[in-house]
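Scroll down for the structure; my scribbles are underneath it.
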Amino acid sequence: MPVDTKHPDYEKHEYVWQKTRDAVRGTVEVKDKGKRHQYLPVPDAEANSERLGVDTLRYRQYLKRALYTNFTGRTKSALVGAAFRRAPSYELPTALEYLIEDATGDGLGIVQMAKDELSNLLETGRSVLLVDFPPADEGLSQEDVTRLDLRASIIPYTAEQCVNWKTDTVRGRKLLTLCVLAERYLDDEDEFGHEYKTQYRVLRLRDDGYTQQVFREDQPYTDEFYPRKADGSVWDEIPLMFVGSKNNDSTIDDAPLSDIADVNIAHYRNSADYEESCFITGQPTLFITHSLSPEQWYDYNPDGIKLGSRAGHVLGETGGATLLQANPNNLVMEAMRAKEAAMVAIGARIITDRGANETAEGARIRFASENSVLGDIVQNLSMAIEKCLEWCGMFMGTDEESEFQINREFYDKTVDPQLVMSMVTLMDRQVISDRDIFERLKAGGIIDGDRTLEDVKEELGDLPPLEAPNG
């Protein structure tokens, strides 16, 4: 089978990913793909085949009048904002500190990378992180690596780019044995052109270690080669992490925003019907009867009939005029309101009409289900990044531990001074440690997320420790 063969589960989820991404991107994407993806079906499709020209014009007008309100995109922005309202906390060894400014090899820092990956996970429920090292000659010393500025990178791939994968039990562990990643590259035949093509990076776990190979146009473009750790040894696993909305195994999880996208697109269809109804029936229609001959009609009304109080018309002895105005029809509008309520129920908190006196605790309870989903994703992403940092250390020759945690306090959680003093008492009695107090203060936003306990101790120097109050 060709290298671009897709995993069966990939083909099942591909449309869901595309639909949710389009819904997040907004009006331009939804309208551009409306007819092709049935976001906005053609009205009277059977008649369309007989009167193609007329109905095509009608569909263009129908599409232009439709209003897409981007509830899905605004919900995603709110969820990402909740997770990153405080900066992630991290500790990196000196050899990996460059990842703070450039984690992906193209100038994207580790915090911004995490933010982008959270967005991807909300849209598709799946992301892929590959740890890689620039190809280099074998036998390079650590000084050579430093001089050439060779660095390990965490390369993110979207759900759509991971087209195929296999797992197997190897030495008692379930490991990834094959992964095919689709990459875009610029065709350099034209200096000023912007034509991109697709190549496939094939990751394999052989009996003697992990290999990479690149394919272009269904043919090998590079030889199969063995990425090596800093000590020159081959890898006994593929340094790639799947990140999901439920867990971090290779199976595809549900896209968290998919349900909201479905209702959002249905709301858009109702909007198209409502706007067309307003256009067709919203203007008053004048009906006239008269007893005049054609000659008399033109004599009495040389400029035709005009609507408005400043115009007068002669219709003859038995003539009459009636102005018809459509009665209000709220059926479609009610359907739109019902879908807005459904999106709120699903979790689109950004469009919720909050009461002015609602407490923070009330809001926290009201959004408990939504926070549970977001909390799972944030935890999965934090764990995946920490594992990638460990692999980066293997490439860079350090075994020091790294930490990376994205904020999980999605609402303001005030720090009660008495609680802090109680914690100091517990520390004095050796029930908890100073790190427990430090983490609580960091969660409350009193201590910046990028500061460590060691930083604080170093700044304090020889100051005496805080003592608990008597009694």
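The values are calculated or read from the model by the stated rules, or taken from the named source; none is laboratory data. Since we're looking at a predicted model, the values are computed, not measured. Positions of Cβ are backbone-derived with ideal geometry, glycine not excepted, and every protein chain shown enters the neighbour counts. Accessible surface areas use protein heavy atoms only, side chains included; no ligands, DNA or RNA. Shrake-Rupley method; radii C 1.70, N 1.55, O 1.52, S 1.80 Å.
In table form, for the structure just shown:
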{"item": "Members of the range 213-240 that are in a strand (DSSP E or B), touching a residue at least 40 places away in the same chain (Cβ under 8 Å) and open to solvent by less than 30 Å² (accessible area, probe 1.4 Å)", "result": "215, 240"}
{"item": "Close pairs (7 angstrom Cβ cut-off, 6 or more residues apart or separate chains): within 12 Å of residue 110 (Cα to Cα) in the range 386-409, open to solvent by less than 60 Å² (accessible area, probe 1.4 Å) and of a type in the set (S, T, N, Q) anywhere", "result": "386/402; 389/402; 404/382; 405/89; 405/382; 406/382"}
{"item": "Flag if residue 91 is modelled with pLDDT of 90 or more, open to solvent by 80 Å² or more (accessible area, probe 1.4 Å) and under 30 Å from residue 150 (Cβ atoms)", "result": "no"}
{"item": "Failed criterion for residue 128 (all others in (1) surrounded by fewer than 21 Cβ atoms within 10 Å (Cβ to Cβ); (2) among the hydrophobic types (A, V, I, L, M, F, W, C); (3) out of contact with any Gly (no Cβ under 7 Å at 6 or more places or on another chain); (4) modelled with pLDDT of 95 or more hold)", "result": "(1)"}
{"item": "Residue that is nearest to residue 255 (Cα to Cα) [pool: residues in the range 131-142 that are modelled with pLDDT of 65 or more and surrounded by fewer than 16 Cβ atoms within 10 Å (Cβ to Cβ)]", "result": "134"}
{"item": "Criterion: among the aliphatic types (A, V, I, L, M) and at pLDDT 95 or above - qualifying residue of 170, 145, 163", "result": "163"}
{"item": "Residue list for the range 56-102, filter: touching a strand residue (DSSP E or B) at 6+ places or on another chain (Cβ under 8 Å) and hydroxyl-bearing (Ser, Thr, Tyr)", "result": "89, 90"}
{"item": "The range 329-349, subset over 13 Å from residue 277 (Cβ atoms) and in a loop (DSSP other than H, G, I, E, B), residue modelled with the lowest pLDDT", "result": "348"}
